[in-house]
Each structure stands twice: as structure tokens, then as C-alpha cells.
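Each value in this text was obtained by applying a stated rule to the coordinates, not by laboratory testing. Computed from a predicted structure; not experimentally measured. So basically every Cβ, Gly included, is an ideal-geometry build from the backbone, and we count neighbours across all protein chains shown.
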Amino acid sequence: SGGTNLQVTEKNKKEYIERMVKWRVERGVVQQTQALVRGFYEVVDSRLVSVFDARELELVIAGTAEIDLNDWRNNTEYRG
């Protein structure tokens, strides 16, 4: 609030750049993010999701990034 009245100085230059980048990034994807969230909640009941924090929800949706090759080898059936 009142940022237009503040002068950028060497002392606050880093904060200005961080806030400007954040504003530009967020402003550019607000509509897309809102559409994604609306679509997500059409498929998944929000009450089911509310028990997870962001990191847990990512794990539930995407799984772990770690790949256990031994598990894959032991549980893969090759055909043809």
C-alpha cells in the first residue's frame, strides 16, 4: 500500500525488484490459476483435500520423485 509514493533507493532496491517480479508473475496467471482450481474442485471434493498441506497434496497427486529400480525390476512383467 502506498508503494507508488515510495522512491527506490539502493537500500530498498532489492525489495522493490522482488515485489515487482512477484506482482508481474502473479498478475499474469491469476485467471489461469483460478480456472485450474475451479476445475480441480469439480473433480475432487474440497473437504477431501483440506486435510493435506501443499507438500502432502503434491505427494498424493504426483507421487514421489524417487524411483526404486529394484522395486520396478521385481514387480514388472515383460511380454512380447
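General remarks:
- Between Y41 and D71, the modelled labels are 3.3 nm apart [label points 7 Å from Cα along Cα→Cβ].
- The charge dipole of the chain, taken about the Cα centre with unit charges on the Cβ atoms of Lys, Arg (+1) and Asp, Glu (-1), comes to about 580 debye, rounded to the nearest 20.
- Per residue, the chain reaches -19500 deg cm²/dmol at 222 nm when only DSSP H runs of four or more residues are counted, each adding -39500 (n - 2.57).
- Helix 13-43 and the longest principal axis of the C-alpha atoms of the chain enclose an angle of approximately 40°.
- With semi-axes defined as the square roots of five times the eigenvalues of the C-alpha gyration tensor, the equivalent ellipsoid of the chain measures 43, 21, 12 Å, largest first.
- Cross-link partners of K22 among lysines (Cα-Cα below 16 Å; sequence separation of 8 or more within a chain): K13, K14
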